[in-house]
Amino acid sequence: MPNLVNTILVIVLALNLFALGNSRLMSVIRIVSAQGVLLGLLPLVMHGHITIAALLAAGVGIILKAIIIPSMMLRALRDADIKREVEPLIGFLPSIILGALATGFSLLFVTLPGLADEAAVSLVIPTSFATVLVGFILLTTRYKAISQVVGYLVLENGIFIFGLLLVEALPLVVEMGVLLDLFVGIFVISIIVNHINAAFSSLDTRHLVSLKE
Amino acid sequence: MAFAMILVPLLFAGFAALWPSNRWRPWVLPAGAVVYAVLAALVLVQPATNPAPEAWLALDALGRLMLLAVSTLFLFCSFYAVGYLKERASLNNRVFVSCFMAFAAVLSLVVWARHLGLLWVAIEAITLVSAPLIYFKKDKQSIEATWKYLLVGSVGIALALFGTFFLAYSRLAVAGEASLMLGELLANAASLSRPWLRAAFILLLVGYGTKIGLAPMHTWKPDAYGEAPGVVGALFAGGVTSCAFLAFLRVYQICVAAGETVFVSRLLLFMGLFSMLVAGLFMIGQRDFKRLLAYSSVEHMGILMIGLGIGGGALFGAMLHVVTNGLTKGVLFLTAGNIDRAYGSKNTENVRGALKRLPVSAGLFLAGFLAITGSPPFGPFVSEFTILTGAVQSGRWLTAGLYLLLLLLVFIGMGKTVLKVTQGEVPPDLGPGRPRERLLTLLPAIGFLALSLLLGLYIPPPLGGLLRAAARLLEHPL
């Protein structure tokens, strides 16, 4: 079902750009969780047969990405009573342009000699690269702690897409790695966001500037 | 035995979490560390065997070396931690003691792992158990430091996972099957897909390099080392970084076995020299002596990378430097912690005349500074000199010259701050009295310095054999 897979991946690429261009933090959180759900479905459509372990891993991944992480972040938003805008370091339009450049670069990159093989025909590798790069852009150009965590989650989504290529050969490693990464994401959100909020009455990392040269 | 070495520290950690008394809980650390050291000694006296290719947990010479180095560090630090927590009796130490103890379990996992996915999990676990150690004081600065550590560290670890996937794919793309078992990857290294292998190396260098603390991914280090208690700094500078370094060495082994030595060594020499340069520049005029030590750690991780990049005889030097750097960082961080607590500050504006106020700690701090900057007769001199000899023997004159120049830069930068701390008159507002120096916070530092001195004068034959075996595994991984 390569067409269905590629359709989902195109939507994922589009969601990347939406996440970069959206000014409302709540929407960005929802976009990224939608991306996570789509990706969680991918292993089930990609490989013809479905094992119980794969189903379980996909289920846990989707529950974490679609329900637990977004609701924790939305709760933190509410509790912190912070402004609901994103506050980027660079404007939204430049962010989108950067993201589009990253996507184009990723699509070109896989046509390099030595990388072309059957997987390169599908969009898996370029979408993975593009999503990792967009995650990086989100991480480095946003001030709020929550936005940075969102960037981390997008980065993690990109790695997950690459993991799809390996999931048949190394199911355990891929599933364990991805779930552990998500767990770390939750750990970071819950502990630090709560404490930053309590100590600084804000989730803005611009307050975290006492340690510098 | 591997399972015992993972489970025993976890049992002690669980025990510490349940123990009700804040006052007596810290003693779980030395008890656990002694048991752990005995187990490690039992493992290390057994003759080395070649790990079976299908074993997930097995110990080769590299693993044995790291186990020896880090379990020694852990043992000494655990006694210091008791003295430290006594002086911080008002803070709840339940999480601190449990996480400190759990670090030993993760260390076991790192040294035994023969599966790169498992190794990655272990490095991720290090991030999780070490973050609460930085956060111990729970003030604004330590929150900031923990936040930076977790965010930068998690991104680094995520990139390492990406690189690990690339590595698996480099075999899948050509052979149609994948494996992350070290033995299998080494045996099939020559047939791996080159572009994917190189991309994997770069991502793993950046990913594990973040945990090692190479410039420019070192940004979490000064904050974390500066705000964490001194004993945690020692555990990071000699333990966490060594574990991440071992994870990186596995990748290095695969690349060497694949015949990518030229590509790898060019990148490593660049990263190493760049780390030394950045560290040296930030040391000049550094007023915070704990951040100074963090930059020193960046510098020494750079030296390790240079040793790997040169190869040949320098590999022995790099292996020895892992040990000597860990021991000497132990002296520096533990005594820096003592000075920090006695003055209530870690800034040279307030801290002067430490030799008069804390003669033993300050004397050890000064000796540790001389040792870490490569003065004879201490251990780091021997290891740094071996790396220099390796560079000259392989005809890398430019590298050797830059290496010497940067060592000089670091000596000047570090010396200025260290001398400001130790020399001069005690600021008058502190009063004439001398704070009492506890044996528990002095003896571990003295032990570290003695071992560092010993390794500078004489390398015991069993250790020498282990170092040579480890260097051989790096030069000829098969």
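Key figures
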| read-out | value |
| --- | --- |
| Probe 1.4 Å, all protein chains present, accessible-area order of A:His207, B:His321, A:His47, largest first | A:His207, A:His47, B:His321 |
| Most to least packed among B:10-19, B:455-464 [average Cβ atoms within 10 Å] | B:10-19, B:455-464 |
| Average accessible area per residue (Å²) across the stretch B:104-197 - probe 1.4 Å, nucleic acids and ligands excluded | 21 Å² |
| Test item: A:127-138 mean partner chain Cβ contacts at 10 Å | 1 |
| Solvent-accessible area per residue for the stretch A:117-175 (1.4 angstrom probe, square angstrom) | 24 Å² |
| Whole-percent carbon and sulfur share, accessible surface of chain B, 1.4 Å | 69 percent |
| Euclidean distance between Cα centres, the stretch B:403-478 to the stretch B:243-274, Å | 26 Å |
| Diffusion constant of chain B at 25 °C, which comes from Stokes-Einstein with the Kirkwood Cα-pair radius and 0.890 mPa s, µm²/s | 111 µm²/s |
| The stretch B:151-192 - convex hull of alpha carbons, volume per residue in Å³ | 61 Å³ |
| Sequence-separation-based contact order of chain B, relative, with Cα cut under 8 Å and 6+ spacing, percent | 17 percent |
| Members of B:Lys140/B:Lys356; B:Lys148/B:Lys356; B:Lys148/B:Lys346; A:Lys65/B:Lys137; A:Lys144/B:Lys420 lying beyond 30 Å, as alpha-carbon distances in this model show | B:Lys140/B:Lys356; B:Lys148/B:Lys356; A:Lys65/B:Lys137; A:Lys144/B:Lys420 |
| Under 16 Å from B:Lys329, Cα to Cα: lysines that are on another chain or at least 8 residues apart | B:Lys221, B:Lys290 |
| Sites A:Ile67 and B:Glu425, calculated FRET efficiency, Cβ-Cβ separation with R0 60 Å, nearest 0.05 | 0.45 |
| Average silhouette area of the stretch B:266-478, convex hull of alpha-carbon atoms, in square nanometres | 11.9 nm² |
| J(HN,Hα) series, the stretch B:304-319, from Karplus relation 6.51 cos²θ - 1.76 cosθ + 1.60, nearest Hz, glycine and proline x | 4, 5, 4, x, 5, x, 6, x, x, x, 5, 5, 4, x, 5, 5 |
| D_trans [Stokes-Einstein, Kirkwood Rh over alpha-carbon pairs] for the stretch B:75-157, 4 °C, 1.567 mPa s, µm² s⁻¹ | 93 µm²/s |
| Shape call, the stretch B:109-149: gyration tensor on alpha carbons, a/c limit 1.5 | prolate |
| Solvent-free Debye scattering, log10 I(q)/I(0), computed from the Cα coordinates of the stretch B:1-77 at q = 0.14, 0.27 Å⁻¹ | -0.52, -1.31 |
| Heavy-atom accessible area order for B:Ile412, A:Ile31, A:Ile68, B:Ile126, largest first, 1.4 Å probe | B:Ile412, A:Ile68, A:Ile31, B:Ile126 |
| Cα gyration tensor of the protein assembly as shown - equivalent ellipsoid semi-axes, whole Å, descending | 40, 30, 24 |
| Residue-normalised accessible area of the stretch B:266-478, given per residue in Å² at a 1.4 Å probe | 38 Å² |
| Heavy-atom SASA rank of B:Arg352, B:Arg171, B:Arg341 (probe 1.4 Å, accessible area, largest first) | B:Arg352, B:Arg341, B:Arg171 |
| B:Gln393 paired with A:Leu93, simple spin-label distance in nm, labels 7 Å along Cα-to-beta-carbon | 6.2 nm |
| Protein heavy-atom accessible area occluded, A/B pair - total, 1.4 Å probe, Å² | 3900 Å² |
| Residue-level accessible surface for B:Met181, protein heavy atoms, 1.4 Å, Å² | 20 Å² |
| Calculated P(r) tail over 21 Å for the stretch B:326-445, as whole % of Cα pairs | 45 percent |
| Column: log10 I(q)/I(0), Debye, Cα scatterers of the stretch B:268-322, q = 0.12 Å⁻¹ | -0.28 |
| Solvent accessible area, Å² - B:Leu453, 1.4 Å probe, full protein context | 60 Å² |
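The values are calculated or read from the model by the stated rules, or taken from the named source; none is laboratory data. What you see is a predicted model, and the numbers here were worked out from it, not measured in a lab. Note that we place each Cβ from the backbone using ideal geometry, even for glycine, and neighbour counts take in every protein chain shown. Only protein heavy atoms, including side chains, enter the accessible area calculation; ligands, DNA and RNA are left aside. Shrake-Rupley method; radii C 1.70, N 1.55, O 1.52, S 1.80 Å.
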